[in-house]
Structure formats: structure tokens, C-alpha cells
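Reading through the C-alpha cells given below for one structure.
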Amino acid sequence: MADNVDDDSLYRIKEGDYVVLKRGDIFKAVQIQQKKKVAFEKQWFFLDNVVGQLYSTTFEIVSGGILQPRKPKDTESSTDAKGAGTDNRNIVDDGKSQKLTRDDIETLKEQGLKGQEIIQQLIENSSTFKNKTEYAQDKYIKKKKKKYENTVMILKPSCRILAMMYHGREPGKICHLRYDTLAQMLTLANIHAGSKVLVFETCAGLVLGSVMERMGGYGSVIQMYPGGGPVRAGVESFGFPSHFHDMLHEFPICHVNALLAGTLDTTAKDPSADSKQSNMAAKEEQNQPEAERQGSPEEQSMETNSGADGSHDPKKEEEEKRREAKAEERKVKQEEKRKKLAAAAALLESRNADGLVIASRFNPCPVLMGLLKFLSPSRPFVVYSQYKESLIECYTKLKEHGGTVNLKLTDTWLRHYQVLPNRTHPVLLMSGGGGYLLSGTTVAADHSKPSSSRQDGEPAEKRQKVTDTEG
Amino acid sequence: MSFVEYSDFIQDGDVATVYMGHESMIAVKVQQGAQTQTRYGVLRHSTDLIGQRYGSKVTCSKGRWVYVLHPTPELWTVTLPHRTQILYTTDIATITMMLELKPGSFVCESGTGSGSLAHAILRTIAPTGHLHTVEFHQQRAEKVAEEFKEHRVDHLVTVRNQDVCKDGFGVTGVADAVFLDIPSPWEAVRHAKAAMKKQGGRVCSFSPCIEQVQKTCEALSDQGFEELSTIEVLLRVHDVRTVYLSLPDFGPDSPAQAQPDAAVKTPPSHAPIALKTTTLPRDIPGHTGYLTFATKPRT
């Protein structure tokens, strides 16, 4: 390993990295920060020690919440076969088989015994363990391991891990989007490097982050967001390199109508700040009164300014200066925001996006009908909904409206298996549903036909025929 | 046109997808002067296809129209010529996510078969990744290599004609992910391990039979793979339709309540009510194969 130090530098955990903690099937996304207490599975620990270690290392939590890399040898369970029963005819559930009491176990823990050693103690003090079948012994050890092992693995985040994490921990935050359904979305929308993709989601940024991962920093992603600002907590957790964020744009859906009508004004009319400011403020107030409050405090401050002009209180002057500085800062921020809006608007205006992904708690039909207008013909789109009925509405509307083909309303059924020698069967518990998808492909709208690229002097009667068959 | 990059207009040499209706599509190699027979009549490539925008409506000789679509791996999966049993989009999507494929990934695959999965992998790993695909059937290997060229993805893939169980993937220590779809995957597990980066990676084996899964899982554990997980994914397609439900006739209401006038004017309606709903097909593919995933730890 020593000869490949350079290779490994990419695989080492650094301070500030976004990582995922794992124990069994439980995941948790955290950022590596010095001296920060992290709670995971009812345990507290610090991540200071993991900096400089390799990703996918398993750590043991030792006293004081300190993490130590686990020695590879500990992995193998050292259960010597001491014989096993053939079936459970002689095993009686009288609650007396385990001689260790809860207090005994606690003392063992306090003595600093490792999980493996505690399990060994439990086995030795179980009167029925020897009579259990080999398979039952296996199961017993597995169960106890889960309970007493205090290890944690540190992983590099990925779409797979984060999708499973969110689905397991906080399904409500991602509209109950199951990981295999997300997988279908990314494939059905043909997400790939170099394309221009529109994303509308209220899944904490998981869908957006997954799309960005599949694009690898090439192309552009435009997040169409509702309300005051884009939600991207989930995107952070992916820990993308900074250049990935250069491809990410955002556009508030409250400006979509204006953009489509060609009335969205994103130009800085006048270098003098005042007119621009009032321009922005007016627009913001008009379009998203509850979401953007920036316009109103500014107006307030302007009012108080004019009121303060009369008096010459030094305190007030100071305050005024501070206010001005704040206003200046705000102006810079607004200017930045305006530039970003203009950039996103420019990307959308050409109406030649390559893909559309929708997964939100909003009624999907108006979202879909509004955003489809930004797609080129012959491009895929996919809409997720937890509820089938809302997609039936989309389907019906699209059929009426035209402009799409290959419409498919689907869901996936997912089953996990236990695979063990002579004990292979489906896992007893399975997910009841992973949500529904409507996917399709855009085609050239009929009415735009004459204005399209057809310049090769095609006979007029043929075109006539086309419209005839449509009717 | 390329399978990894969209373009707006159809050009000579493209592979276009002709959409003739629900679930009825064909892939057409566009050539100046060529013609394609469809069930709606002849498509003349020079006039009907070349220069048209992808997604436009084109009228065939019989007066019926079709749409010409830009190819994607998903459209290719439903139009490609079958030389073997192929993987379909539902499994492909799951494999792509669970193998953590993304631009820049190095992937090994065997067998190539008809190239359904390979096209999807190439789309995802472009522009900086690479696919090493191994197929033991010579004609199939040659044919798929030809298709990669036609689809302008040949710079992203190396096709090898050899037996993966005997000769491995032809590369060592380079792969982020390995996919196996062969009759005895357990015989290729050690080759999969050898092909993977020392820092680790993901592996997937697709097998229709549970006995194969059993053996593969044993081989994976023996070779030190971790996080073994076997799943099955099925697609359910819901057909949207309006159904009409008849209303039962319980006879006239009790005479005390019934008003003689009203009964004459509006006889109780027993017309069926319309319900917009979905139905499931009578038969669906109930099994494709088991997907076994595992993680190769650092070695």
C-alpha cells in the first residue's frame, strides 16, 4: 500500500468532507468537523480521529466517544462449534435460558468488553444455545451482534447510499420516493453528461443531487424551484467537487409565465442603483409577495432614512451609515441574484432542454404542462408521484394536448432476498410501494410545423395531408 | 447523433427510431437514397428523414404518419435485434444505480450479448469512462462492435472475444464496477475481483435461477466481497382507461317517500357511471432474474 500513496490521497477522509456513517442497514450523512459530537444509533462520538483515514474503514467506538480503526482480524466471528441440536423440540421459552442479567451485561460493558466478547459471554451463559440448530445459532449470533456491536463504517456518499438513507430514515422528506424508483427516473430521463436538464423537486435535494452525479459536472442542470429559494440540503450531502456547482442553475417557477410570455425583465436597465433597485423590488413584490421579503425592508429603511434627515443626532448618523452599508451589501447580493436569474432565463428561453425530471409534493399536472414547454422535441421526461391518480390526470391531459408519445404509467415492485446455504427465501418484510412514474418523450407540436426547419420545398399537399390525418 | 450526445437534426449515417404507435417502434439506419418499409408504407430517407428535426412527424407513402425520434439506450433496448435474451430498462436502471455508475466510471461486463445493457452503461460513463466488455461468441462480439461504431460510442468501449470464466476481462486493477450475466457467474468471481481497483468497487451478477444466486453468493463471500444483497425488481405498467360501471336497480323507492310527479318527470337513471382509472395487463413478465450486488473492499 505504501508505494501507492498518491493513489490513495483521493480516498482519504479530509476535514470538511461530507461522509455517510453506516452500521448494518442504517445510514446517516454528516460533515467531518473537529470536536463535534455526532449522535448515531443512540451513541455519541467524535469524528476527529477519522481524518486522514481511508474511506470504507470500519471504526470501533471506544470510551469517551473516540473512534479507532478496527483491526481486520476482528471481522471474523470466532465461534467454535460446540455441537448443535437437530431441532427445537427440547427448547422451552421459559425466559430462564440466559443466566446473565441486564445488570451483568451493563457491568461487562463498563469493564470495556468489546461487542464480540460480550456475545461470547452471552453464548456461554445461555443454557439453550448448544441445543439450538446450527442455523438457529447463526441467527442468534447475528441478532446479538446487531445489538452489541459498536462499530461504525465511514463511506463516501453516493446516489445509491443517500437514496437508501433517505428512504430508510426520512421517507417523508423525499415524498416516499424509493431508491429503485429514483433509479428508474434517472434512466428513463436519459440523464447523462453534457445535456441540459430541468429538475423540479421537493425531495430535499436528493433528486437534484442524483441528477448532478449522473452528469458528472458536464452540461447544465436548472433547478426550477417553488417558493422563496431552492432547497438543496441533500445536494450538500453528496459532497460534490466545487466545479459541479458551476453547472447548477436555478429559476423560480413564479417567473415561468413571465418568461414564456417574454415579459420577464432580467436586464440591469441603469447602472445607477436606485432605479434598478426599485425595479427589482417592484417585480419581486408583484410576483412572489410571501416568498421574497427583501423588497419591503429596503423600502422601510429608505423611509426611515428620509425621516432621519432632519435631525443631526450622531448616534443616528452612525446607524444610518450602518444601514447604508447593509443596503449596499443587499444591493450587491441582489445584483448577483439578478445575474443568476438572467443566466438561468437565458438557458430556458431557447426552449431546448434535453430532459425534465419532476418529483414533488405539488400537483404534478400543472408543473408538467408548464415545464414541458422548455423541452426540445424528441426528449424524455419523467414525473414521480406518490399517488397514481395525480399521474392519471397528467396522462389524460397529455393525451388531449398532444406533443408527447411513449407515455407510460408504471411502478416497480422490489423484493430483497436472504441468500444462505439451504436457507434462501424472500426477506419477510418488503416495501409496499415505491411510488408511481409517468414517463414519455416529447415530439414536435403540430401547430409549430410550418415554422420548423422544413425548407426543402416539400409539396404543400403533403403537408395538408398531415393535418388531415390529425383531425 | 450519438448515443451519448443529442443533436437536433437527422443526418446521413444516423440511427433513428421510428415511432409508429404504442409499443411499435423500429430502429432505422439512415442512408442517403435508401428506403425503409414500414407497415404504414415506404420511408424515403433522403426526403423523409435527412434534414428533419428529431421528434417531427413524417408521412409515409400510405398517407399515415410516424414520428422520428432521437435514439437513446432505452429506445434501443426496445428496438434492437435480439441475438440473445436481453436485459430490460427496469433491471438496467437498478443495476446502473446500485453499481454507482457515473461519468468517468471504468466498468467490466460479460457477456455482452445483444448490447442492451452496454449501451446504457456507455451513456452513463461518457465522456471520460470506459467499458471493457467480454463476449465468448465471436459473431456476437463482432456484431456488437459494429453497432458501437454506428452509434458513435466505440471510443468508450473495448470488446473482447474470450471466455471470461477462463481468461477473465483482459484488464486488471482498473474497474470501479463489474457486471456478470453469464451461466456460471461463480466461476468468474475471482476474475471480477482481479479486474477491480485495489481501492474497491461494486459488483453485480444477474441470474435467472436461485441456484445460480446461491453459488455466486458463496463465491463472493469466499473472495472477500462484502455487503451482499440480492434483489428482484419487476415493472408494473398501468394502462390508463375510462371504465363504465353499471348501477344496480333496487326498484322504485318506498311509496310514502316517492312523489308521483317527480317519478314521472325524472325516471331514476341507471346509466353506467364513467370512472377514470388504470388496469393491469392480464399477464406480465413475473420474473427476469435475481440481481446480486456486493462491494469489493480495499485489498
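The values are calculated or read from the model by the stated rules, or taken from the named source; none is laboratory data. All figures in this text were calculated on a predicted structure; none of them were measured in a lab. Neighbour counts are summed over all protein chains in view; Cβ atoms, including those assigned to glycine, are modelled from backbone coordinates with ideal geometry.
Kindly establish whether B:LEU101 is aliphatic (A, V, I, L, M), over 19 Å from B:GLY201 (Cα atoms), buried (at least 24 other Cβ atoms within 10 Å of the Cβ) and facing chain A (nearest Cβ under 10 Å). Criteria not met by B:LEU101.
What are the residues in segment B:112-126 that are more than 16 Å from B:THR158 (Cβ to Cβ) and either within 11 Å of chain A (Cβ to nearest Cβ) or among the charged types (D, E, K, R) (or both), if any? Residues satisfying the conditions are B:ALA120, B:ARG123, B:THR124. I'd like to check something: does segment A:82-89 contain any residue that is out of contact with any Phe, Trp or Tyr (no Cβ under 8 Å at 6 or more places or on another chain), at positive phi and in contact (Cβ under 8 Å) with a residue 24 or more places away in the chain? Yes - at least one qualifying residue is present in segment A:82-89. Do we find that B:GLN37 is over 18 Å from B:SER116 (Cβ atoms) and outside any strand (DSSP E or B) in this structure? The answer is no for B:GLN37.
Taking first residues from segment A:129-140 that are surrounded by 17 or more Cβ atoms within 10 Å (Cβ to Cβ) and partners that are outside any helix (DSSP H, G or I) and of a type in the set (Asp, Glu), no Cβ contact under 7 Å between residues at least 6 apart in sequence or on separate chains turns up.
Being in the same structural domain as A:LEU47 (by TED's automatic domain parsing), within 29 Å of A:THR424 (Cα to Cα), at pLDDT 80 or above and in a loop (DSSP other than H, G, I, E, B) is a condition met by at least one residue of segment A:113-128.
So which residues in segment A:415-427 are surrounded by fewer than 13 Cβ atoms within 10 Å (Cβ to Cβ) and either modelled with pLDDT under 95 or within 24 Å of A:SER378 (Cβ to Cβ) (or both), if there are any at all? The answer is A:PRO421, A:ASN422, A:ARG423. Of all residues in segment B:16-33, those being within 13 Å of another protein chain (Cβ to nearest Cβ) and within 18 Å of B:CYS60 (Cα to Cα) number 9.
Yes/no matrix, rows are residues, columns are (1) crowded, with 24+ Cβ neighbours inside 10 Å; (2) part of a helix (DSSP H, G or I); (3) within 14 Å of chain B (Cβ to nearest Cβ); (4) among the aliphatic types (A, V, I, L, M):
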site: A:GLY172; (1), (2), (3), (4): no, yes, no, no
site: A:LEU182; (1), (2), (3), (4): yes, yes, yes, yes
site: A:GLY194; (1), (2), (3), (4): no, no, yes, no
site: A:GLY209; (1), (2), (3), (4): yes, yes, yes, no
site: A:MET224; (1), (2), (3), (4): yes, no, no, yes
site: A:GLY229; (1), (2), (3), (4): no, no, no, no
site: A:GLY239; (1), (2), (3), (4): no, no, yes, no
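Filter segment B:40-84 for residues that are outside any strand (DSSP E or B), at the interface with chain A (Cβ under 8 Å from one of its Cβ atoms) and without any contact (Cβ under 8 Å) to a residue 24 or more places away in the chain and give the result. Listed by number, the residues that qualify are B:THR47, B:GLY55, B:SER56, B:GLY63.
Only one entry of B:ALA118, B:ALA126 meets the criterion of being in contact (Cβ under 8 Å) with a residue 12 or more places away in the chain, surrounded by 24 or more Cβ atoms within 10 Å (Cβ to Cβ), within 23 Å of A:ASP354 (Cα to Cα) and more than 16 Å from the chain's Cα centre (by Cα), and that entry is B:ALA126. Within segment B:127-153, how many residues are closer than 18 Å to B:GLY13 by Cβ and within 14 Å of chain A (Cβ to nearest Cβ)? Within segment B:127-153, residues that are closer than 18 Å to B:GLY13 by Cβ and within 14 Å of chain A (Cβ to nearest Cβ) number 3.
Among residues of segment B:189-237 being of a type in the set (A, V, I, L, M) and part of a helix (DSSP H, G or I), the one that is surrounded by the fewest Cβ atoms within 10 Å (Cβ to Cβ) is B:ILE210.
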